[in-house]
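One structure below.
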Amino acid sequence: INILEKLAETVSRALQNFDIEITETHHNKKKDAPSGTAHMLFDAVNNGRDNTLSANYGREGMAKRESNEVGIHALRGGTVVGTHTVSFFGENEVLELTHTAYSKRIFAEGSLKAAQFIVTKTHGLYDVNDILEVNYNE
């Protein structure tokens, strides 16, 4: 998800004239909608556009889509662990970035990796990019 977040920000910055929509799907017992991850992905694409975007939660009615809005759509059903897609719609083309979690086990494995990382570090402030050993500024 953290890699998806950075990719979404990068693509948002690169494809300035593309419309953006975010969809997320979770199991039918999930209480919050949209999910925190969907909000995080909106923040990423918004950052890629210098915070000029506005969120539109779902669509209904007879309003035309505004150029600076991002539709955020929540789907709930079955036992889906989690799927998040950021779609970039251009003229005659679409680019989609999707992450699908098939098991909650991946979250536990990520937590263990974070614990193994932090136990060897000195005092300081670290984030997930340090754990993933990703330098986005290169």
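Could you list, in sequence order, the residues of the stretch 4-59 that are under 19 Å from THR98 (Cβ atoms) and in a loop (DSSP other than H, G, I, E, B)?
Passing the criteria: LEU15, PHE18, HIS27, LYS30, ALA33, PRO34, SER35.
Hey, ALA55 hits all of (1) surrounded by fewer than 19 Cβ atoms within 10 Å (Cβ to Cβ); (2) farther than 23 Å from ARG13 by Cα but one; which does it fall short on?
The failed condition is (2).
State whether the residues of the stretch 24-35 include one that is on the phi > 0 side of the Ramachandran plot and either more than 11 Å from the chain's Cα centre (by Cα) or at pLDDT below 95 (or both).
No: zero hits.
Return the pairs, sorted by first residue and then second, in which the second residue is in a loop (DSSP other than H, G, I, E, B) and of a type in the set (Ser, Thr, Tyr), the first residue lies in the stretch 44-61 and is under 13 Å from ILE72 (Cβ atoms), the beta carbons are less than 9 Å apart, and the residues are 6+ apart or on different chains.
These pairs meet every condition: ASN46/THR52.
Taking only pairs six or more apart or across chains, which ones have beta-carbon atoms under 8 Å, a first residue in the stretch 68-80 that is aliphatic (A, V, I, L, M), and a second residue that is in a strand (DSSP E or B) and exposed (fewer than 13 other Cβ atoms within 10 Å of the Cβ)?
Listed pairs, sorted by first residue: VAL70/SER54.
Of all residues in the stretch 1-22, how many are buried (at least 19 other Cβ atoms within 10 Å of the Cβ) and either closer than 21 Å to VAL81 by Cβ or small (Gly, Ala, Ser) (or both)?
Here the count works out to 4.
Looking at (1) under 27 Å from ASP127 (Cβ atoms); (2) of a type in the set (Ser, Thr, Tyr); (3) outside any strand (DSSP E or B), find the lone condition where SER67 falls short.
Result: SER67 passes all but (1).
Would it be correct to say that GLY58 is at pLDDT below 95 and within 15 Å of THR23 (Cα to Cα)?
So GLY58 passes the test.
Look at the stretch 94-128 and say how many of its residues are over 30 Å from VAL80 (Cα atoms), outside any helix (DSSP H, G or I) and at pLDDT 85 or above.
Qualifying residue count, the stretch 94-128: 7.
Do we have any residue at all in the stretch 55-76 that's closer than 23 Å to ASN129 by Cβ and touching a strand residue (DSSP E or B) at 6+ places or on another chain (Cβ under 8 Å)?
Within the stretch 55-76, not a single residue is closer than 23 Å to ASN129 by Cβ and touching a strand residue (DSSP E or B) at 6+ places or on another chain (Cβ under 8 Å).
Being modelled with pLDDT of 95 or more, touching a Pro at 6+ places or on another chain (Cβ under 6 Å) and small (Gly, Ala, Ser): is that true of ALA74 here?
In short, yes.
All but one of (1) over 18 Å from GLU24 (Cβ atoms); (2) of a type outside the set (S, T, N, Q); (3) surrounded by 10 or more Cβ atoms within 10 Å (Cβ to Cβ) hold for ILE106; state the number of the condition that does not hold.
(1)
The values are calculated or read from the model by the stated rules, or taken from the named source; none is laboratory data. All values reported here derive from a predicted model rather than from experimental measurement. Ideal geometry is used to build each Cβ from the backbone, glycine not excepted, and the neighbour counts take in all protein chains shown.
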